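See structure below.
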Amino acid sequence: MAPFAGYDMPISYPTGAVEEHAITRRSVGLFDIDHMGQFEVTGPGADAYVARMVSAKTSDMQAPMARYSLLLDDRGLVLDDLFIYKLESSWWIVVNASNREQDLAWFMAHKTPDVTIIDHSDATYMIAVQGPNAIALLDKIGAPAVSALERFTWGRIKINSIDILFGRTGYTGEDGGELFFPAEHAERLWNFLLEKGAELGIETMPIGLAARDSLRFEAGMPLHGHEISQSINAIEAGFKWACDFEKDFIGKQALLDVIAAGPSRKLVGIEVTGGVPREGYEVAGSDGAIIGRCVAGMYCPTVKKYAANAFVEPAFAKAGTPVKVIIRGQPKDAVVVKRPLYIPAYRR
Amino acid sequence: MSIDVNARYAESHEYARLEGAAVVCGISDHAQAELGDIVFIELPAVGKSLKKGETFGTVESVKAASDLYMPISGTIAEVNGALQADPALVNREPYGAGWLVKITPADLSEMDKLMDAKTYGKTIGEE
């Protein structure tokens, strides 16, 4: 167990991190992610308010759509990344555990009189069901069928008589969904999912934080505090696609300035031979000069590679560029590679 | 947790087991369980002479990198090449196919200074 944003979270279950990763890629992984925060924005001004607060395009969003977005400050630095859901008459915003208090303060500080912000984090539990068999499992045990929902949409379903807001979203690169429901049913739903998986012969296992990290890493998804943070702007992290420059949003002008000047560093993937790259390790050019630093790194079980994400000088950002990663004082051969290492299911 | 009764143990959880003229060295079952899934192992060149307590390699698990320490002084006679392709052998068979190096001992009496299986078992909380 490890302390994580005030929660005790298992790094891995007895199954082991590498096998947990494999199970999620081949069948179904269950993720106990109650630590994630959920805010709801309501009121006549909600659409205009959300549009200004988040980077993503919101003008075309109607129920039941869901979308990835960034929360930026005036400098274009990344306060958090979010999933925003357009509900029947409000917005549902999912934030990271570590940033929940600060995000809420940010939302409140920019609130207009015509919106209400409700923090549902404590009352709401969140379980992710991810993997190629996840949708089949949920279809068999709940109703209505989630297979009828498109990717990045949501629906209201019932499993074991528990009312659930289901988003066909996730953080693993696999198909599946995320379940929001009243916290008092958490244990009952968790056990029901495991029992039904076993009963139906659909391999279903609990997945810990280590595999959650390697799954998201392979699929090219960022983790706040690593690929994105309050000292990293959206452009250098490669998130221009998550910003709608047709609208006005906090951080927009700063990002336009970065685009005009060109970013001073870029996020790249790096594959390493002869060692495991990890957060904080330096990256050097072929001449030995330090050109960047790893923000995450690990063994990637599905693609069977030792890889890092690193911020490097733009001249070294092209795929195929040979570099070195310094592992315990030893420069190891490495090469800049295209991200993601593993193509997520929704892009296949 | 299993403990090989034929091996002797260092406080840093490496085992040393005399086989003919060589000492087979690896990490204990307790150590592999504490480390979790092992994903990379760096081992020394054959022929390298190292003193007891010196670093001879690194084992990288999902969680972290850990140094490996010579349980006795000697020369590296052989390294386990199978670990390059399958480092998890150390998780599955720490005392068998997951051995790390074979050492030609410089002074076999150093084995006496290591813990026997019973004493090691007590240090890791097993009787």
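The values are calculated or read from the model by the stated rules, or taken from the named source; none is laboratory data. This is a predicted model, so every value here is computed, not measured. Positions of Cβ are backbone-derived with ideal geometry, glycine not excepted, and every protein chain shown enters the neighbour counts. To get the accessible areas, we keep the full protein, side chains included, count just its heavy atoms, and leave off ligands, DNA and RNA. Shrake-Rupley method; radii C 1.70, N 1.55, O 1.52, S 1.80 Å.
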### Cα Rg, Dmax, region A:1-92, angstrom units
17.3, 49
### Message
Counting only helical runs of four or more DSSP H residues, what would the 222 nm mean residue ellipticity of chain A come to if each run contributes -39,500 (n - 2.57) and the total is spread over all its residues?
### Response
-6000 deg cm²/dmol
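What accessible area, summed over both chains, is buried at the A-B interface (1.4 Å probe, Å², nearest 100)? Walk me through the intermediate numbers first.
Details: alone 14780 and 6280 Å², together 20050 Å².
The contact between B and A buries close to 1000 Å².
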### Task
Could you please state how large a percent of the accessible area of region A:220-342 is carbon and sulfur, counting protein chains only and using a 1.4 Å probe?
52
### Query
Using bins 10 angstrom wide from zero, how does P(r) for region A:220-342 break down, in % of all Cα pairs?
14, 45, 29, 11, 2
### Whichever aspartates and glutamates have a C-alpha closer than 12 Å to that of A:Lys332, once near sequence neighbours (fewer than 8 apart) are set aside
A:Glu271, A:Glu282
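Return one quarter of the surface area of the convex hull spanned by the alpha-carbon atoms of region A:44-131, equal to its mean projected area, in nm². Write out the running numbers ahead of the final one.
Working: hull surface 26.4 nm².
Result: a mean projected hull area of 6.6 nm².
Treat every Asp and Glu Cβ in region A:220-342 as -1 and every Lys and Arg Cβ as +1, leave all other atoms uncharged, and give the resulting dipole magnitude about the Cα centre to the nearest 20 debye. All intermediate terms of the calculation are to be shown ahead of the outcome.
Values: 15 positive and 12 negative charges, 84 e Å.
It works out to roughly 400 debye.
Could you grab the relative contact order for chain A? Cα pairs under 8 Å, six or more apart, rounded to a whole percent. The partial results should precede the final answer.
On the way: 800 pairs, mean separation 66.0, N = 348.
Across chain A, relative contact order equals 19 percent.
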### Cα→Cβ-extended label distance, 7 Å offset, between B:Ala21 and A:Arg26, nm
4.5
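State to the nearest 20 debye the size of the charge dipole of region B:8-107 about its Cα centre, where the only charges are +1 on K and R beta carbons and -1 on D and E beta carbons.
Working: 8 positive and 14 negative charges, 49 e Å.
Once rounded to the nearest 20, the dipole reads 240 debye.
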### Query
Anyone know which of A:Gln38, A:Gln253, A:Gln330 comes out most mobile in the 10 Å Cα GNM of chain A?
A:Gln330
### Message
How much of the DSSP bridge set in the protein assembly as shown is antiparallel, in percent, rounded to the nearest 5?
### Response
95
### Task
For region B:8-107, calculate the relative contact order in percent as a whole number, restricting contacts to Cα pairs under 8 Å that are 6 or more residues apart.
32
#### Entry: Label point distance in nm, A:Asp60-A:His120, each placed 7 Å from Cα along Cα→Cβ
2.6
### Low-density loop cleavage sites - GluC sites (Glu not before Pro) in region B:1-76, where at most 15 other Cβ are within 10 Å (DSSP)
B:Glu11, B:Glu54
### region A:325-347-region A:214-278 distance, computed between alpha-carbon centres (Å)
15
### Task
Would you be so kind as to list the residues of region A:269-305 that have their accessible area lowered by at least 50 Å² in the full protein complex compared with their chain by itself (1.4 Å probe)?
A:Arg278
### Task
With an 8 Å cut-off on Cα pairs and a minimum separation of 6 or more residues, tell me the relative contact order of region A:290-348 in percent.
25
### Query
What is the Cα radius of gyration of the protein assembly as shown over 2.2 N^0.38 Å, N being its residue count?
1.11
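Using the Cα centre of chain A as the reference point, and only Cβ charges (+1 on K/R, -1 on D/E), how large is the resulting charge dipole? Debye, rounded to the nearest 20. Mind dumping the intermediate values first?
Details: 35 positive and 43 negative charges, 246 e Å.
About 1180 debye.
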### Query
Which whole-angstrom value gives the distance between the alpha carbon centres of region A:1-76 and region B:29-83?
39
### Message
Please report the equivalent ellipsoid semi-axes of region A:2-215, computed as sqrt(5 x eigenvalue) of the Cα gyration tensor, largest first, in whole Å.
### Response
30, 19, 15
#### Entry: Distance between modelled label sites at B:Lys48 and A:Phe192, nm, 7 Å Cα→Cβ extension
5.6
### Message
Given the C-alpha atoms of region B:8-107, compute the convex hull and give its volume per residue in Å³.
### Response
82
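With every protein chain left in place, what is the accessible area per residue of region B:8-107 in square angstrom, probe 1.4 Å? Can you show the working numbers first?
Working: 3980 Å² over 100 residues.
Per-residue accessible area for region B:8-107 comes out at 40 Å².
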